[in-house]
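*Asks:* Structure in structure tokens, see below.
FYI, it's all coordinate maths here, none of it is from the lab. Bear in mind the structure is a predicted one, so any value in this text is a computation, not a measurement. Cβ: placed from backbone, ideal geometry, glycine included. Neighbour counts: every protein chain shown.
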Amino acid sequence: MPTTVANSVPPNTNHDVGSPKKNRIQVSNTKKPLFFYVNLAKRYIQQRNEVVLSALGMAITTVVTIAEILKNNGLATEKKVLTSSVSMKDENKGRLVQKAKIEIVLGKSEKFDNMVAPASTESKPAEADDTKKK
């Protein structure tokens, strides 16, 4: 009797530039403040053990800054950096232009759980103290 094997997807090892993912953050340097993206990346790392930071053109510096903040605080380790250029239609001139693209894959650091978990449990005892005083 032949055995059938269910198709299994390897855990987050495919870092293709064009693939849509649930752990991808597309960063803009005009829409949200820097620490919005830093905190979002922390949440993604906590939930999925990995985050892909992606940006085009002028937003590349913002992505690099976010990655460096997370790495310097000991929350993430750099797994992969992908650079490329993409053709996009210029809205004003109507012609194709080349834009630089970067994707930085960050993984959860060994210290992450020790550093992030205590911060989320500190607020709970304080709330309990407030209810006792009332």
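*Asks:* Which of LYS22/LYS101; LYS31/LYS99; LYS31/LYS111; LYS22/LYS93; LYS32/LYS71 have a Cα-Cα distance over 29 Å?
*Replies:* From LYS22/LYS101; LYS31/LYS99; LYS31/LYS111; LYS22/LYS93; LYS32/LYS71, over 29 Å: LYS31/LYS111; LYS22/LYS93.
*Asks:* I've got another one for you. What is the packing order of peptides 47-53, 79-85, taking the mean over residues of other C-beta atoms within 10 Å and listing the highest first?
*Replies:* The peptides rank, most packed first, as 47-53, 79-85.
*Asks:* Also: Summing +1 for each Lys or Arg and -1 for each Asp or Glu, what net charge is found among the other residues whose Cβ lies under 14 Å from the Cβ of ALA55?
*Replies:* Charge balance in the 14 Å sphere: +3.
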